[in-house]
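Taking it in order: structure first as C-alpha cells, then the write-up.
The values are calculated or read from the model by the stated rules, or taken from the named source; none is laboratory data. On a predicted model such as this, the values are computed, not experimentally measured, just so you know. Don't worry about glycine lacking a Cβ; one is built from the backbone with ideal geometry, like all the others, and counts go over all protein chains shown.
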Amino acid sequence: MIDHRRILIAASLGLTVALGALPAMAAPAPDKGAMPVDPVLRTAIDSPLRDGALRARDGARHPLESLEFWGLKPGMTVIDIQPGSGWWTDILAPYLMRTGGHYIAAGADLDNPATSAGARKGRANFEAKYGQKAVYGDVKVVGFGTKSGPLAPPGTVDLVLVSRETHNWVEGNFIAKAFADIHAALKPGGIMAIEDHRARPGADPMKGDGYLSEAYVIEQAKKAGFVLAARSEINANPLDTKDHPFGVWTLPPTRQSAPSGQPDNAAFDHTKYDAIGESDRMTLKFVKAAM
C-alpha cells in the first residue's frame, strides 16, 4: 500500500533563548488518581462521530495520555501541522469548539505555484470534511510548506501539534524553517508537541526510512529557540526493530508491501510486521522561552 500522506507532502515541497541548564525531565507513568480526566476531552475521544477505523488505533496512539502529557487545556488556540486525513482533528476541533478555543490546521500552501494538484485537492477535501461548524467549530486552514508565510500572527498560539511530520521535513530540507515558523507563532511559554517514529541513537537522519533519533529532533528544536521540557514513553513500542524493508511504512497502518510508487505485492507476508504493530515513537514536549 502506498503512503498517500507521505506522497502528498513530498509532492507539495516543489514547495528552538535557553531557560538555563535545567535538564528535561522524563514524564512519569500516568497516575490516574493524581488528576481527573477532562470530561470534555474524554467525550471528544469517545465520540461516535469519529471514524471507527481511526478509533481502533487509539490503543496504539494513546490520544488521552498524549494530550494530557503535552498540556492541552480548555480554550487554547492550537495549530495542527499537516493533519492529513484528520486523526487528531476529529478530537481537537470538537474539544476546542466546546471549550472556547480555536483549531487551526496547517495544510497545503495554495500560494506556492509548485504545490501539486493532489496536495490542493487534499486540502479542499479536508476543508469540506471539517466545514460543519456545529460539530467542529470554525476550523481555519493556513498554508504551510517550504515557501509559506506565517502560520499565525506572532505570539498568538498556545500549542502546536507536530504528529509524525518531522521526518518529512528532513527529507524536504525545511525542518529549520518549519521549527522557526512554529516558534514565531507560539506565545512565550507556548508548547510544541512532537510525536514521531524513533530511530536508534546515532541513526542517519537522511536515511529516508521515516525514523529520526530523539537527539536529532531535540537538537534541531533547540536551534530554533525551543527548550525541551519533558519526554515520555507513552508511545514507545519495544517490539519495533526499525529495520523493515520499506521503512516505517512496512508496519501498520500503512502496511506497504513494495517500493514507493510500485504496485502492492500480493505475495508479501505481513505477519511479522503486523505482530510488531505501530512504530516505536518519541513523545516530546518543548516550550518557547518566556521573554
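What the table shows:
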{"item": "Sole residue being of a type in the set (A, V, I, L, M), part of a loop (DSSP other than H, G, I, E, B) and more than 16 Å from the chain's Cα centre (by Cα), chosen from 152, 134, 184", "result": "152"}
{"item": "Matching residues in segment 95-131 - criterion: being part of a helix (DSSP H, G or I) and in contact with a Gly (Cβ under 7 Å, 6 or more places away or on another chain)", "result": "96, 97, 123, 126, 129"}
{"item": "Some residue of segment 162-173 being surrounded by fewer than 18 Cβ atoms within 10 Å (Cβ to Cβ), more than 18 Å from the chain's Cα centre (by Cα) and at pLDDT 95 or above", "result": "no"}
{"item": "Residue match in segment 91-103 (condition: farther than 22 Å from residue 36 by Cβ, touching a Lys or Arg at 6+ places or on another chain (Cβ under 9 Å) and not small (Gly, Ala, Ser))", "result": "yes"}
{"item": "Condition check for residue 56: surrounded by fewer than 17 Cβ atoms within 10 Å (Cβ to Cβ) and either at pLDDT 95 or above or closer than 28 Å to residue 254 by Cα (or both)", "result": "yes"}
{"item": "Whichever residue in segment 135-161 is surrounded by fewer than 18 Cβ atoms within 10 Å (Cβ to Cβ) and out of contact with any strand residue (DSSP E or B) (no Cβ under 6 Å at 6 or more places or on another chain) and, among such residues, is nearest to residue 102 (Cα to Cα)", "result": "138"}
{"item": "Residue tally, condition modelled with pLDDT under 95 and either within 30 Å of residue 171 (Cα to Cα) or not in a loop (DSSP other than H, G, I, E, B) (or both), over segment 20-50", "result": "5"}
